[in-house]
Amino acid sequence: MTSHEIRRHFLDFFRSKQHLIVPSASIVAKNDPTLMFNNSGMAQFKDFFLGNGTPPSKRVADTQKCLRVSGKHNDLEDVGFDTYHHTMFEMLGNWSFGDYFKKEAIQWAWELLTEVYKLPKDRLYVSVFQGDERDNVPFDQEAFDLWKPIVGEDRIIYGNKKDNFWEMGDTGPCGPCSEIHVDLRSAEEVAEKPGKELVNADHPQVVEIWNLVFMQFNRKADSSLEPLPARHVDTGMGFERLCMAIQGKKSNYDTDVFSGTIHVIEELSGKPYGGTMAGAPDRSSDVAMRVIADHIRAVSFAIADGLVPSNAKAGYVIRRILRRAIRYGYSYLNLNEPFMTKLVPTLAMQFADVFPELNAQRDFVATVIREEEIAFLRTLGSGLGRLDQIIGQLTTDSKTEIPGETVFELNDTFGFPADLTALIAREKGLTIDEAGFQKSLQEQKTRSRKDATSSAGDWIELAETDQVEFVGYDQPEAYAHIVKYRKI
Ligand code: ATP
Ligand code: MG
Ligand code: MG
Ligand code: MG
């Protein structure tokens, strides 16, 4: 089954169960001052769960572009090193707004996975919430009783509050989840160790694919729980992981979701993708290729949704992701000319009928990325040289931490975001003085009386968004005027 078919079957399946299929919301969170990027399928429906507004239908399904690079959900550091966390990914989801509840959600999830996608039943595990006395939340007996006749008791895992209880915030709607995990290891490996023991243990082939959230409580300000008058279902399934499972691959990057882009990276770099994991000797180029194949999606879709790279807030997050990818290409694949921009057409074609906004803006997106690359490549080489020098000195002095002022200097002079310096430092077994960097940054900000860059939690108030910088897609030439590069 191709990834296109897998996506289509999901939507067709829920359409056949009377769900209205809606488009993905923008990857850049709009009209929600508490969120920078959409990081789950439910974000665009948050108001309905809070009782504000009326959903277009009591049953809805879609595929949502998600970005997990800030706030509570930040997977950036895992990307490339593992093979199943992305910055940008698609979350397939189905929702019930006060309509069906656990019984249907569980039955349909199982039916879709085992009858439509034909995933082997003996490779699936499900978790139910075990309860938490301290927090006054009960064991999810109802979900357990529903799963037991379907999967048998020995395939049920009891999950803790972290993995199996969902809360919108300190107060508000919340409830237990049931997650579905798949074991993709070889028969020999399975015989050696049961998959059940590897669930939620960061094993690259025993991965969580689907989270079914059952909103049934309201958490009050005194932290007590009361039943919600209307109970809701909110599910999210990682599309790329699902493709890995169905296509019988060992990594998301081996599926047809990524293979087109990886192929172009192989051609541009003249190196083959070996598919090895991080830490394997001489395969940093594989990590680099995964990072690049991942980051180009995050950056392209964000720009197509109206967010250009900039020096503040959400725009800076995108710039940092792009610079991270550029440096991986430069250091490990000898790519010292703009290359990210060349990946845009492949991506745009691939998603033309799923997320047409990218194909419609492909020239603009490619131009923005090229401009960014040109600017950063101008200073990257000398910045890396300077960093080498600093690291050499630290080693001589038997020190392991790059001072805050130096991190600041690299940022200010060479455009190295602090997290990029931290990443390079980590590769050499060093750390950075983050607090010292923030101090230097603050001093500069006070000097120049500029707005502070704020980093946002998932549902934390932001002063304002970056939207004012977006000038529209049909005038790429205007881009030069909206992105200001620091003079060096
Ligand atoms: P994990 O434990 O693997 O980090 P999660 O519990 O944080 O996943 P949820 O918030 O439950 O994820 O999101 C629902 C589904 O989205 C997950 O079951 C998974 O399939 C998928 N997913 C979550 N994070 C990512 C990511 N960074 N990249 C790709 N898919 C993801
Ligand atoms: Mg996670
Ligand atoms: Mg999880
Ligand atoms: Mg989960």
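The values are calculated or read from the model by the stated rules, or taken from the named source; none is laboratory data. Quantities reported herein were computed from a predicted structural model and do not represent experimental measurements. Using ideal geometry, Cβ is built from the backbone for each residue, glycine included, and neighbour counts are taken over all protein chains shown.
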Filtering the range 209-245 down to residues that are in a strand (DSSP E or B), within 14 Å of ligand 4 (Cβ to nearest atom) and not polar (S, T, N, Q) yields 209, 210, 212, 213, 214, 234, 236, 237, 238
Looking at the structure I just gave you, is residue 374 closer than 26 Å to residue 300 by Cα, touching a residue at least 24 places away in the same chain (Cβ under 8 Å) and of a type in the set (A, V, I, L, M)?
yes
Please identify the pairs in which a residue from the range 413-434 that is in contact (Cβ under 8 Å) with a residue 24 or more places away in the chain and in the same structural domain as residue 386 (by TED's automatic domain parsing) has its Cβ atom under 8 Å from the Cβ atom of a residue that is among the acidic types (Asp, Glu) and not in a helix (DSSP H, G or I), counting only partners at least 6 apart or on another chain.
430/401; 431/401; 432/401; 433/401
How many residues of the range 67-86 are within 20 Å of residue 250 (Cα to Cα) and either touching a helix residue (DSSP H, G or I) at 6+ places or on another chain (Cβ under 7 Å) or away from ligand 4 (no atom under 16 Å from the Cβ) (or both)? The answer is 7
List every residue pair whose Cβ atoms sit under 8 Å apart, with the two residues 6 or more apart in sequence or on different chains, where the first one lies in the range 79-91 and is free of Cβ contacts under 8 Å to residues at least 24 places away in the same chain and the second, anywhere, is within 13 Å of ligand 3 (Cβ to nearest atom).
85/68; 85/75; 85/78
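With the structure loaded, tell me whether residue 163 is surrounded by fewer than 19 Cβ atoms within 10 Å (Cβ to Cβ), within 16 Å of residue 135 (Cα to Cα), in the same structural domain as residue 41 (by TED's automatic domain parsing) and within 16 Å of ligand 4 (Cβ to nearest atom) or whether it fails that test.
Criteria met by residue 163.
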Please state which of the following conditions residue 129 fails to meet, knowing it meets all the rest: (1) more than 16 Å from ligand 3 (Cβ to nearest atom); (2) modelled with pLDDT of 95 or more; (3) touching a Phe, Trp or Tyr at 6+ places or on another chain (Cβ under 6 Å).
(1)
Starting from residues that are away from ligand 2 (no atom under 11 Å from the Cβ), buried (at least 22 other Cβ atoms within 10 Å of the Cβ) and not hydrophobic (A, V, I, L, M, F, W, C), keep the ones in the range 68-84 and report whichever is nearest to residue 184 (Cα to Cα).
83
Quick one: is residue 158 within 16 Å of ligand 4 (Cβ to nearest atom), of a type in the set (Ser, Thr, Tyr) and either within 24 Å of the chain's Cα centre (by Cα) or surrounded by fewer than 20 Cβ atoms within 10 Å (Cβ to Cβ) (or both)?
yes
Which residues, taken from the range 85-100, are assigned to a loop (DSSP other than H, G, I, E, B) and surrounded by fewer than 23 Cβ atoms within 10 Å (Cβ to Cβ)?
85, 98, 99, 100
Conditions (1) within 16 Å of ligand 2 (Cβ to nearest atom); (2) surrounded by 14 or more Cβ atoms within 10 Å (Cβ to Cβ); number of the one not met by residue 132:
(1)
Of the numbered conditions (1) over 18 Å from residue 100 (Cβ atoms); (2) modelled with pLDDT of 95 or more; (3) touching a strand residue (DSSP E or B) at 6+ places or on another chain (Cβ under 9 Å), residue 2 satisfies every one except a single condition; which is it?
(3)
Inter-residue pairs, beta-carbon under 9 Å, first within 17 Å of residue 50 (Cα to Cα) and modelled with pLDDT of 90 or more and in the range 151-177, second within 12 Å of ligand 4 (Cβ to nearest atom) and of a type in the set (Ser, Thr, Tyr), 6+ apart
none
Index of the failed condition, residue 54 passing every other in (1) within 29 Å of residue 18 (Cβ to Cβ); (2) within 16 Å of ligand 2 (Cβ to nearest atom):
(2)
In the same structural domain as residue 300 (by TED's automatic domain parsing), of a type in the set (A, V, I, L, M) and touching a strand residue (DSSP E or B) at 6+ places or on another chain (Cβ under 7 Å): is that true of residue 407 in this structure?
yes
Within the range 267-368, considering only helices (runs of 4 or more DSSP H) that don't extend past its boundaries, which have at least 1 residues that are under 23 Å from residue 250 (Cβ atoms) and among the acidic types (Asp, Glu)?
284-304
In the set 245, 201, which member is within 20 Å of residue 80 (Cα to Cα), within 20 Å of the chain's Cα centre (by Cα) and at pLDDT below 95?
201
Based on this model, can you work out whether residue 199 counts as touching a residue at least 24 places away in the same chain (Cβ under 8 Å) and within 16 Å of ligand 4 (Cβ to nearest atom)?
yes
Quick check on the range 6-52: of everything there that is more than 18 Å from the chain's Cα centre (by Cα) and small (Gly, Ala, Ser), which residue is nearest to residue 99 (Cα to Cα)?
51
Can you tell me how many residues in the range 205-236 are surrounded by fewer than 19 Cβ atoms within 10 Å (Cβ to Cβ) and near ligand 1 (Cβ under 9 Å from one of its atoms)?
1
